[in-house]
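For reference, the structure is listed below as structure tokens.
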Amino acid sequence: LDTTPHDDARITMSARSALLALSKRSTAFAPMTAHTIGFKAYSTVIEGLKYAASHEWAKIEGDVATIGITDHAQAELGDIVYVELPEVGSTVEKSATFGVVESVKAASDVYSPLSGEVIAVNESLADTPGAVNESAFTDGWLMKVKLSSPGEAASLMDAKAYEASCQ
């Protein structure tokens, strides 16, 4: 089976969703099931992305970064019902709030892991905010930023460091 990293992320997140559904029905067996088939109940982490301690990810391609919240963040929030995103053309600063994600449990500010100009937002989230739950690393991306300070990426965590921070 030849898959891309995005396919791998979707497969992993689908398996994680199935495990979480099982855990809601049979909490006594879900931890054993997750351990047996090698998936953690939380924190799918994708190699090649950069991560902020505030649980945002960035996929950097040249001078553009696609940004979203991590699987760990969406799992902690629960079912996402609303996403507020910045305007295209606005600027975001590293570590500053750029939006809000609301779930059935809580509303949470979202922080930009990098500085730059917003060149795109995921407009489909207005109608389907649950895409963040279903595929945080693919269909659930939040914004794309043209980087103003590409060197800031060096201060973000790699997948291994982020995974360790979530333990």
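Compute the signed sum of charges (Lys and Arg +1, Asp and Glu -1) over the other residues within less than 13 Å, Cβ to Cβ, of Val104.
-2
With just the Cα atoms of the range 109-167, tell me how far they stretch along each of the three principal axes, in Å, largest first.
Principal-axis extents of the Cα atoms in the range 109-167, largest first: 34, 32, 20 Å.
Going through the cross-link list Lys105/Lys160; Lys59/Lys144; Lys50/Lys94; Lys59/Lys105; Lys105/Lys146, which pairs have a Cα-Cα distance over 21 Å in this structure?
Flagged as over cut-off: Lys105/Lys160; Lys59/Lys105; Lys105/Lys146.
Whole-Hz ³J(HN,Hα) for each residue in the range 93-107, computed from phi via Karplus 6.51 cos²θ - 1.76 cosθ + 1.60 with θ = phi - 60°, x for glycine and proline: what do you get?
With coefficients 6.51, -1.76 and 1.60, one gets 10, 3, 6, 9, 5, 10, x, 9, 10, 10, 10, 5, 8, 6, 10 Hz.
Determine the sum of side-chain charges near Lys146: Lys and Arg each +1, Asp and Glu each -1, restricted to other residues whose C-beta is under 12 angstrom from that of Lys146.
Net local charge, Lys146 excluded: -2.
Which far-off residues, 5 or more places away or on another chain, put their amide H under 5 Å from the one on Tyr111, with H placed in the peptide plane?
Phe98
Using a probe radius of 1.4 Å on heavy atoms only, what accessible surface per residue do you get for the range 82-167? Whole Å² is fine.
50
Collect residues whose amide H, placed 1.01 Å from N in the peptide plane, falls under 5 Å from the amide H of Val64; neighbours closer than 5 in sequence don't count.
Leu147
Net charge near Ser95, counting Lys/Arg +1 and Asp/Glu -1 over other residues with Cβ under 12 Å of its Cβ?
Spelling it out: positives minus negatives among the neighbours equals -3.
If Rh is defined by the Kirkwood formula over all Cα pairs and Rg also comes from Cα, what ratio Rg/Rh do you get for the range 68-167?
With Rg and the Kirkwood Rh in hand, the quotient comes to 0.96.
So what are the ³J(HN,Hα) numbers for the range 60-72, from phi and the Karplus equation (6.51, -1.76, 1.60; θ = phi - 60°), rounded to whole Hz, Gly and Pro as x?
Karplus values, whole Hz, x for Gly and Pro: 9, 10, x, 9, 10, 10, 8, 10, x, 9, 6, 4, 4.
The values are calculated or read from the model by the stated rules, or taken from the named source; none is laboratory data. Model, not experiment: these values are computed from the prediction. Virtual Cβ from ideal backbone geometry, glycine too; neighbours counted across all protein chains shown. Surface accessibility is based on the protein's heavy atoms, side chains included, excluding ligands, DNA and RNA. Shrake-Rupley method; radii C 1.70, N 1.55, O 1.52, S 1.80 Å.
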